[in-house]
Every structure is written in C-alpha cells, then in structure tokens.
2 protein chains.
Amino acid sequence: MTVDAAVARATAERVLLRLGARADDAATVADVLLEADLRGQHSHGLLRLPTIAGRVEAGLIRPEAEMRILASSPATALADAGNGFGHAMAERAMSLAQDIASDAGVGLVGVRDNNHIGMLGYYAERCARAGYVAAVCTTTEPMVHPFGGSERLLGTNPIAIGVPAVPDPFVLDFSTSETAIGKIIDAVQRGVSIPPEWALDGRGEPTTDATEALAGAINPFGGAKGYGLSLAVALLAGLMVGSAPNPEVVGTLDTEHAVNKGDLFVAVDPRCFPGGSGLALASTSLLDQVRSSRPAPGTDVVRVPGDRGRERRERCIDAGIELPSALWATIGELE
Amino acid sequence: MTVDAAVARATAERVLLRLGARADDAATVADVLLEADLRGQHSHGLLRLPTIAGRVEAGLIRPEAEMRILASSPATALADAGNGFGHAMAERAMSLAQDIASDAGVGLVGVRDNNHIGMLGYYAERCARAGYVAAVCTTTEPMVHPFGGSERLLGTNPIAIGVPAVPDPFVLDFSTSETAIGKIIDAVQRGVSIPPEWALDGRGEPTTDATEALAGAINPFGGAKGYGLSLAVALLAGLMVGSAPNPEVVGTLDTEHAVNKGDLFVAVDPRCFPGGSGLALASTSLLDQVRSSRPAPGTDVVRVPGDRGRERRERCIDAGIELPSALWATIGELE
C-alpha cells in the first residue's frame, strides 16, 4: 500500500512517544526511519518499528538513557549510549564529532552499547550539509565470510562518507557485503533463485539457491578489497571502541539480545585547510563534471553517490512510500 | 634476472645519493621502492627509479626541498612538499600525522605538491607498527570511468589502512580500480586478451582487447561502491587539500609535468580509548580467528590483509627479487 510520507512520519513519532521516547528522540528516530524508506532503503525504514517496540518492551532499549562520555582527548571521545534509541544516540554522536571538529579540526567519536542506527548516510548527509566532511561505520551481526573463507565471521559492516557540495552533498552509503540478508530472505519467500555472486552455501560453494545461501554466508563485495574494508570496520568500529569482536555481535535485529556492536563517527572541518571553505563549490564542480560526462551505452545518465536516493526521495515525497499492508497494520496497533 | 635484496637496496640508495638526495631521503626512497618489489608490487618498485632520475634532471623533483606547513589546527596540518622526493615527503607527512595524533588523538595531514609516493601500505604499516591506526590515500592520473559512465575522469586512487596487531599489523592497501594500467599495457605487449570485467573500450563497451582498453577506461572495482570510494578520494585527497581536480591530475608517471595530485595521511592513537592500548592484542585475536577459519573449497588458507605480501617478502629476502634485465642495466647506468 502507499502511505503519505507526512502521515508515516507522524505515525512513527506517535509510536515512539508512546514507547516512552523523549520528544526530540522520537522526532529523530522517526526522521531516520522515514528518510530510509523515502530512499528505498526499506530494510532500515519503518519495518524496524515493531522490532524497536519489542526491544523497548524487553528492556533492551532504554528510552531514558543519556549518552555518557567515558573518555576524551582534543580530537576524540568515547561514548556509552546506555542502550538508548540507536538513531537518536547516533545523531548525538555525529553532532559531538562535529563539535569536536569545529575546535580541533577533526572529531572522532566511538560509541558502545548503542542500538541499531539504521541508514548511516543520514548522519553523514546531515554533517556534510553543515559544512563538514563526515564518515560513519558500524559493525553488524556476522553474515559475511572472509575472502577465501566460508564461515560467517564478518558483518555487512556498512560505511558512509559525506562531503559538502551544493545544493546537495556527496553521500556515499554502502555495505561491505555483496548483498543484504534481506534480499536473500526475500528470494526464499518468493521462491526465486539468486545471482551466483551473492553468497556461498553451507559447504562454501557458490550457490543460486536462496535457501542454501541462508545456511551459508554472504560474499564480501569486490572480492579481497571489500573483505579488507569489512575487516577494517570490525577492527576500528568494533575492537578500537571496545565493543564485541565481529563474530560475536548480536542485538541489532532481534528482541532478545542486548546489543554489543560498535559505531564510529568522524567529522573533519575543511576550513582547517586554506581554501577549505570553498570545498563545497569545488566538489560541486567535480561532481557536475562527472554527472555531465558521457554515459556508458545503455545508461541514461552518470550519477554520483546520493543522486539516486534523492531522486527517489523526491518522487516519494509527492507520491507516498510503498509499505507492506501487514506492516502498516502492525504499526497501527503500536500507536 | 634475480637480484639480491640488499644489493638492490644499496644500488638504489647510491643512485638517489648521486641524484642529490640527502642521506636520510635516499635511504627512505630506496626502502619504499625495495619493499614494493619484495611484496610483488613491482609497479611501485625499482622500475620507478629511471623516472625519478628523469624528473630530478628535468627539475620536477627538487632534492633540496623542505616540507613547509601551510596551515595547522590541533588535529590537522596542510603541508607543501615543495616537489621533493615523493616517498621521503610521504614518510615525513605520516610521521607528522602520528606526532599530531599523539597529542590530539587524531592527526590528519594533507600534502600538496608532492611527487609519487609509491606503495601506500608502506606508510600505513610503519605507523601501525608504532601503535597507531593509519589511513593513507592519494589521487592519481585519470584512467578510470565513473560507474555508469565511460570517460576517464578518476584515478586508480588507492587507499591504505593499517591497524596494530602482533607480530605484524593489519595492512590493507588497494586501488579503487578493477586493475592497474600496467597490467593492460603488459597484455598489449604479450598479445593476450584481458578479462571482460577490467575495462571499457573507447565506445564505452566492455572489451577483452587490451589495445581497445588502452583507448578506453579502466572499471572501478566493485561497481558503484568502488566508484564511490574513488570519488571520495578525489574529493578529499584532491580537492580538500587544494590539489588539482582528479580529471586534471598529471605528473606521477612521466618526466614532463610538475605533479599536481594530493595526498592525505591520517593517524589515530587508540590509547585515547579505554583499553585502546590493548588494540594490538584484540586485533591479533580476531585476525587469528579469521586465519584459522574454514577455507572455501579450492583455497588453502584464509589470509588477512598484509599476509600475502609478507609471505612473498620473506621468500624474496632469501631468494632475491625478480627484475627485468633491461631495468637492472638502466639502473646500473644511473649509478
């Protein structure tokens, strides 16, 4: 079914308020969820709301939590999110990184004990719109095998990078895996096969059978390079901030486990560099050169990271977002 | 032919001294070149020496250059390398980032007007061995098309990440392109075809003809994700540090153009985080878990980034490095 974006947002906000969220937290969480749906990242959209509600009821999300700073240096901070609402705490951490960067040039904030933070590009985009370069990464449940391996040891460990540009920033937001577990589950439910480059089966062989893939492991994207990036996220957002080793991460998807992954937020103030206040204009010039370059045969236009999501967002602001009827009914029951 | 590593290093150092390099610079440049050959990264090895000599003779490398700091903040610095020896200046910049990080927690150093810096993993590894997390990236001549595009607008824009571990650090070092131009040139010379996923021809169609690929553009690795990373490097190591837009980068490969690319060096002191002094041990534990996990069928062992290069290095320290006879003769003439 199609739901008007403003109605979806207001509904999500009411649900979050009913769950005990403070007003500002309810607004932030609803905004991040809705922005994911508007960009077609439905796995990070309103479908998370029933899980969030279940986690609040199970005491795994604590609406009253405050962010505590455990350690800081001129350019860094380590924060304990106290198992609060993940998106709201992530927004605070990104703001803190930005505040630190405004004084020190760079702000790097690690976060422990925070719930699922959803679409990373949200935070990177907001920070880039404020004039800062931003980077965000986080560890997730192990579903991905190492390059050359076959066991689930790594998460889909996503990375986002934002860079100022006008009118809209560069926003790169990608998982370090070849696909998402949700797409494999979707293929199982629809009874269709999957591309052979997505996953290995339980014996470590490439498979086009979605059910076999569920018993195996997702491939890292881009072979050894994507694997290396995923492992770097595991080391930095995971171990450096003192959260669980990637193979042991739990609690971002279920309503049973306390979350134990780690997040990392980085902001850089380009005005530290001579001419850095002109970064947005210089970026825009390069991005526009790329956009206006010759497409490959069969491609209509060359896009830069963030373009496709924004195009979709604009359509959905007008036309509404597509949500499963059952999900919308469930959300209605949470109100 | 096979050349003993110590002989190769001493020869390179003598050539650099003859070119007017200071003793410490000659030692650094020779070390970076040799370490590349030892790891099988021959395109960043001693074969660069004749180009370096030609650039010194053309006045494009200035042996007497000093690094000048153009701007700084608590966690950042922008340096002008004065067209000195690229590898030596890169080593200084990485050290500066590390020094800044030891005070501020993070050190981010942008470098302008620096010559080719070779194998990025060298600097990341050195910094990681000193106990810091390191990241390095640089822009290179445009040879890569945007995802969905067909024009050469982006460099192979490599990225390296180092993380402390024992006995050897995690060292990820990769280009954001599917292959290197050197491999395509090699295929032309040997008259063999190339894999269809490497490059597009001049009309923007995938090609297995290496000569057609030379007239076209190399693919970014990993589709839209690798493209996004390459563009992020272009924005940050390129535009943020005030160097040339990626489509206009020249001077890393030839003996005619002053170099105009940019480099970015980042160091993070993990001791800013509680328990961060234990990062090397925690990393080692995770990396060893990955190494000892079940390989995919047909793979002998699961490796982590840095392992393969070190294995090769150890073999070459004993057995010598393979160099083309013509190259070794040319280097001999430079002594």
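Structural remarks
- 7 Å along Cα→Cβ, label-point gaps from A:Val250 to other copies, nm, shortest first: 6.1
- The protein assembly as shown, accessible area per residue, ligands and nucleic acids excluded (1.4 Å, Å²): 36
- Dipole orientation for chain B: of the candidates B:Pro142, B:Gly278, B:Val259, B:Gly278 has the Cα lying most toward the positive pole (charges on Cβ; Lys, Arg +1; Asp, Glu -1).
- For the range A:130-269: relative contact order, % (alpha-carbon pairs under 8 angstrom, 6 or more apart): 31
- The range A:18-93 and the range B:122-159 have Cα centres spaced 33 Å apart.
- Dividing the convex hull volume of the alpha carbon atoms of chain A by its residue count gives 143 Å³ per residue.
- Between copies, the label points at B:Asp288 (set 7 angstrom from Cα along Cα-to-Cβ) are spaced 5.6 nm, reported in nanometres from shortest to longest.
- Cα extents of the range A:140-221 along the three principal axes, largest first (Å): 48, 28, 19
- With semi-axes defined as the square roots of five times the eigenvalues of the C-alpha gyration tensor, the equivalent ellipsoid of the range B:56-181 measures 24, 21, 14 Å, largest first.
- Convex hull (Cα only) mean projected area of the range B:86-153, reported in nm² to one decimal: 5.6
- Every Cα-Cα pair in the range B:96-239 was counted, and those over 20 Å apart are 52% of them.
- Over all Cα atoms in the range B:17-98, the spread is summed up by Rg and Dmax: 13.6, 40 Å.
- Reach of B:Lys261 by Cα under 29 Å, taken over lysines that are not fewer than 8 positions away in the same chain: A:Lys225, B:Lys183, B:Lys225
- Dividing the summed helix terms, -39500 (n - 2.57) for each DSSP H run of n ≥ 4, by the number of residues in the protein assembly as shown produces a 222 nm estimate of -12000 deg cm²/dmol to the nearest 500.
- Relative pair counts by distance (%), Cα atoms of the protein assembly as shown, 10 Å bins: 3, 15, 26, 28, 18, 7, 2, 0, 0
- D_trans [Stokes-Einstein, Kirkwood Rh over alpha-carbon pairs] for the range A:200-308, 10 °C, 1.306 mPa s, µm² s⁻¹: 86
- GluC sites (Glu not before Pro) within the range B:127-225, DSSP loop, no more than 16 other Cβ atoms inside 10 Å: B:Glu197
- The range B:282-330 - Debye-derived log10 I(q)/I(0), Cα point model, q = 0.13, 0.22 Å⁻¹: -0.50, -0.87
- Convex hull volume per residue, computed on the Cα atoms of the range A:253-304, equals 168 Å³.
- Averaging 1/r over every pair of different alpha carbons in the range A:157-205 and inverting the result gives a Kirkwood radius of 13.4 Å.
The values are calculated or read from the model by the stated rules, or taken from the named source; none is laboratory data. None of the values given here were measured: they were computed from a predicted structure. Positions of Cβ are generated from backbone atoms using ideal geometry, with glycine treated the same way; all protein chains shown enter the neighbour counts. With ligands, DNA and RNA removed, areas are computed over all heavy atoms of the protein, side chains included. Shrake-Rupley method; radii C 1.70, N 1.55, O 1.52, S 1.80 Å.
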